[in-house]
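Structure provided below as structure tokens; questions to follow.
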Amino acid sequence: MDAIKVEGGAPLHGTIHVEGAKNSALKLMAATIMAPGVYHLTRVPDISDVRIMRKVLETLGASVVYEGAHELRIDTNDVDKWVTPYELVTQMRASISVLGPLLVRFGRAVVAMPGGCNIGARSIDQHLAGLEALGVTTSNKHGDISAKVGDGMVGATVELDFPSVGATENVMMASTVAKGTTRIVNVAREPEIVDLADMLIEMGAHISGAGTPVIEVEGVDPSELHACDHETVGDRIEAGTFIVAGALCADELTVTGFDPDHLGVPLRKMELMGVELERGEDSVTVRRASSLRATDVQTLPYPGFPTDMQAQFMTLESQAQGTSFITENVFENRFMLAAELARMGADIRIEDRHALVSGPTPLTGAPVKSPDLRGGAALVIAGLIADGVTYVSGTRHIKRGYERFVEKLRSVGAKCEHVDIPDPESEE
Ligand code: UD1
């Protein structure tokens, strides 16, 4: 079984360049279904979630070819299917972002219902309610969502109950061809939404307001949409993950290739904790804090504190003086990291949506299991400051969203490597 072996205590020094954002690249890939043509997407991270989205597109009839390490040539001329099977959706929930694009292209779509996942039930009611407001009829049979457009989608005011990232994207993509004007209210404002809107505009869509709470779309005829080339926005969460590592153990670490404004609240929280940061135009330089102060954090939709940085902050807060109160408002079940960090010596109490992290507690190396993508990265960071050796298993979670995570950390001095270890759950 693959694991990451981390020897604690090595200081980090140097520069790490982040890739294009996972949460953007997956949706940009899905959007290529909307209009036939040949697209070139650049700065696409080489991670397993992208490989799953590649399979989704190929299942629908697209040709997806790597031209260089981070450039995808996607030809959607021959896409002729509108069914996305359960095997793929169950591997990656973001597969449902082809729902809106398929409705644009074919007026119908069948997409397997995503089930639960490690971080919660994650319903798609907002996706469906938004599409229904545009005139799409949906039904759920045998575990599949069937969606159909009768005489074409018609623009409407769509009010989301909650600024869901996925629902905002699906409704925004579908509405590009809805007759008249669509106003989508209470939308997600993440930089990845703005990136997707930018690509849709390059494809010929008429969209305004992305990045604000209301998006307006003037529908165009489907024949007006066309292929384009697009570069993926830098990954703010990958950047934030390395900056947290730097705050704990870097002599000096520069993280480049992203917009520091996209990490506004987490960077401010780190400064409140006593971390010194230097912001550049597309980089942040960080040094190990001599002492850290406890700080409360609550996850919220962007521009609030991102839920995708919560686990890394739990590791950081375990080294802060005092008690930090972390409130998770976006997902249920997103504190599974706590039990693993406790194995390494952290003092964490969970009450419903709150975690109380008391510190500073010295960490000691131990075998631990990645509970999910960000939790896995947070455990590797814990290993960097732990006394002794940590083995982080469940590396498939980390590979979903971080390209060459171990290699990048090694390049700045971390002592870590992929190793094969016996599976503790194996019967033999
Ligand atoms: C995206 C990101 C994920 C990030 C999350 C929140 C991708 C591939 N993933 O996930 O990394 O953590 O945004 O920033 O982009 N919900 C409903 N009904 C819906 C939709 C969502 O109840 O129709 C709930 C979910 O169960 C969850 C919360 O809303 O509790 C947030 O979901 P959403 O913003 O949609 O996240 P994703 O798009 O799934």
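The values are calculated or read from the model by the stated rules, or taken from the named source; none is laboratory data. Everything numeric here is computed off the predicted structure, so don't read it as measured data. Glycine also receives a Cβ, built like all others from the backbone with ideal geometry; neighbour counts cover every protein chain displayed. These area figures cover heavy atoms from the full protein model, side chains too; ligands, DNA and RNA do not enter into them. Shrake-Rupley method; radii C 1.70, N 1.55, O 1.52, S 1.80 Å.
Where residues in region 33-55 are among the hydrophobic types (A, V, I, L, M, F, W, C) and closer than 22 Å to PRO222 by Cα, which of them is nearest to the chain's Cα centre (by Cα)?
That would be LEU41.
Does ALA294 qualify as being of a type outside the set (S, T, N, Q), open to solvent by less than 30 Å² (accessible area, probe 1.4 Å), touching a strand residue (DSSP E or B) at 6+ places or on another chain (Cβ under 6 Å) and away from the ligand (no atom under 16 Å from the Cβ)?
Judged against the criteria, ALA294 is not a match.
Yes/no per residue for (1) at pLDDT 90 or above; (2) within 15 Å of the ligand (Cβ to nearest atom); (3) open to solvent by less than 60 Å² (accessible area, probe 1.4 Å):
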residue	(1), (2), (3)
ASN77	yes, no, no
TRP82	yes, no, no
VAL98	yes, yes, yes
LEU102	yes, no, yes
VAL110	yes, no, yes
ASN118	no, yes, no
ASP125	yes, yes, no
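Counting only residues that are at pLDDT 95 or above and either more than 16 Å from the ligand (Cβ to nearest atom) or in contact with a Phe, Trp or Tyr (Cβ under 6 Å, 6 or more places away or on another chain) (or both), how many does region 147-174 have?
Selection size over region 147-174: 7.
Given the condition touching a residue at least 60 places away in the same chain (Cβ under 8 Å) and closer than 28 Å to GLY413 by Cβ, answer yes or no: does some residue in region 259-269 qualify?
The answer is yes; a qualifying residue exists.
State yes or no: is GLY376 at pLDDT 95 or above, part of a helix (DSSP H, G or I) and surrounded by 15 or more Cβ atoms within 10 Å (Cβ to Cβ)?
So GLY376 fits the description; yes.
Which condition from (1) assigned to a loop (DSSP other than H, G, I, E, B); (2) among the charged types (D, E, K, R); (3) surrounded by 24 or more Cβ atoms within 10 Å (Cβ to Cβ) is the one that LYS27 breaks?
The number of the failed condition is (1).
Considering only region 395-418, how many residues are among the acidic types (Asp, Glu) and in a helix (DSSP H, G or I)?
Total meeting the criteria: 1.
If you don't mind, another one. Just to be sure I understand the filter: pairs with C-beta atoms under 8 Å, separated by 6 or more residues or on different chains, first member in region 6-19 and in contact (Cβ under 8 Å) with a residue 40 or more places away in the chain and in a strand (DSSP E or B), second member surrounded by 21 or more Cβ atoms within 10 Å (Cβ to Cβ) and aromatic (Phe, Trp, Tyr). Which pairs pass?
Final answer for the pair search is ILE16/PHE242.
Does region 33-50 hold any residues that are over 13 Å from ALA69 (Cα atoms), touching a Leu at 6+ places or on another chain (Cβ under 8 Å) and within 16 Å of the ligand (Cβ to nearest atom), and which are they?
Passing the criteria: only ASP49.
Considering region 257-287 alone, what residues qualify as being buried (at least 18 other Cβ atoms within 10 Å of the Cβ) and in a helix (DSSP H, G or I)?
PRO260, HIS262, LEU263, PRO266, LEU267, LYS269, MET270, MET273
Can you tell which of THR315, THR299, THR327, THR307 is within 15 Å of the ligand (Cβ to nearest atom) and open to solvent by less than 10 Å² (accessible area, probe 1.4 Å)?
Of the residues listed, the single one that is within 15 Å of the ligand (Cβ to nearest atom) and open to solvent by less than 10 Å² (accessible area, probe 1.4 Å) is THR299.
Quick check on my filter: what residues within region 350-362 are in contact with a helix residue (DSSP H, G or I) (Cβ under 8 Å, 6 or more places away or on another chain) and open to solvent by 10 Å² or more (accessible area, probe 1.4 Å)?
Within region 350-362, ILE350, GLY359 meet the criteria.
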